[in-house]
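My questions will all concern the structure given below.
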Amino acid sequence: MPNTTDMHQLIEHRRRANTARGELLQLISDGILTPWEGLVAAATAGEKALLRLTLDQLVTAGPGIGQARARDITAQVAHILATTEAHTTTGRVTIGYILDERARGRRLLAVLDAFISHGLIRQNADLPVWTGFPFTPRPVDAKVQEQR
């Protein structure tokens, strides 16, 4: 049995993880971020707890997006990838599953396709990505480089 200090550390770690996930979902719910921008934030934040969010959670956090539509999006992603949720490591399509480097971006492209076909992304301005995303850091703005 773990000692009391270990238990307190585990509880604190879980609290921080839940807070990080809740804050991201709240930003989407408040309309500050779109579900796609939430995915980008989860990919770039360096916060492992965000990778445990499911695609359904990310999508349903968006204003006016219900569970049925989220399930359709997740089903489309699984169909594009010729798999089922049951065949994922956790039995769910999580952000970590989508961003897994071993898939070489195929899963991310499947999500992008599903988001576009279900109207969650409508124009290029809705796509804050860069060459190599999500496996390379965001490039420094050219204007910032010129000032140095």
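Just give me the residues in the range 21-70 being at positive phi and in a helix (DSSP H, G or I), in sequence order.
Matches in the range 21-70: none.
From the set of residues in the range 71-88 that are of a type in the set (S, T, N, Q) and part of a loop (DSSP other than H, G, I, E, B), which is modelled with the highest pLDDT?
Going through the qualifying residues, I end up with THR83.
Follow-up question, since we're still on this one. Across the range 11-43, which residue is farthest from LEU120 (Cα to Cα) among those that are open to solvent by less than 60 Å² (accessible area, probe 1.4 Å) and over 15 Å from the mean Cα position of the chain (by Cα)?
The extreme case among them is THR19.
Right, another one. Taking the range 29-59 as the region of interest, how many residues are over 25 Å from GLU101 (Cα atoms) and touching a helix residue (DSSP H, G or I) at 6+ places or on another chain (Cβ under 6 Å)?
The total comes to 0.
Quick one: is GLY96 within 20 Å of GLU37 (Cα to Cα), at pLDDT 80 or above and part of a loop (DSSP other than H, G, I, E, B)?
no
Looking only at the range 69-87, count how many residues are free of Cβ contacts under 8 Å to residues at least 12 places away in the same chain and of a type in the set (Asp, Glu).
Residues meeting the conditions: 1.
From GLY66, GLY46, grab the single residue that is free of Cβ contacts under 8 Å to residues at least 12 places away in the same chain, exposed (fewer than 12 other Cβ atoms within 10 Å of the Cβ), under 23 Å from ARG122 (Cβ atoms) and among the small types (Gly, Ala, Ser).
That would be GLY66, the only listed residue that is free of Cβ contacts under 8 Å to residues at least 12 places away in the same chain, exposed (fewer than 12 other Cβ atoms within 10 Å of the Cβ), under 23 Å from ARG122 (Cβ atoms) and among the small types (Gly, Ala, Ser).
Right, here's the next one. Go through the range 69-103 and count every residue that is exposed (fewer than 15 other Cβ atoms within 10 Å of the Cβ) and hydrophobic (A, V, I, L, M, F, W, C).
4
The values are calculated or read from the model by the stated rules, or taken from the named source; none is laboratory data. Quantities reported herein were computed from a predicted structural model and do not represent experimental measurements. Note that each Cβ is placed from the backbone with ideal geometry, even for glycine, and that neighbours are counted across all protein chains shown. Protein only, heavy atoms only, side chains kept; ligands, DNA and RNA dropped before computing areas. Shrake-Rupley method; radii C 1.70, N 1.55, O 1.52, S 1.80 Å.
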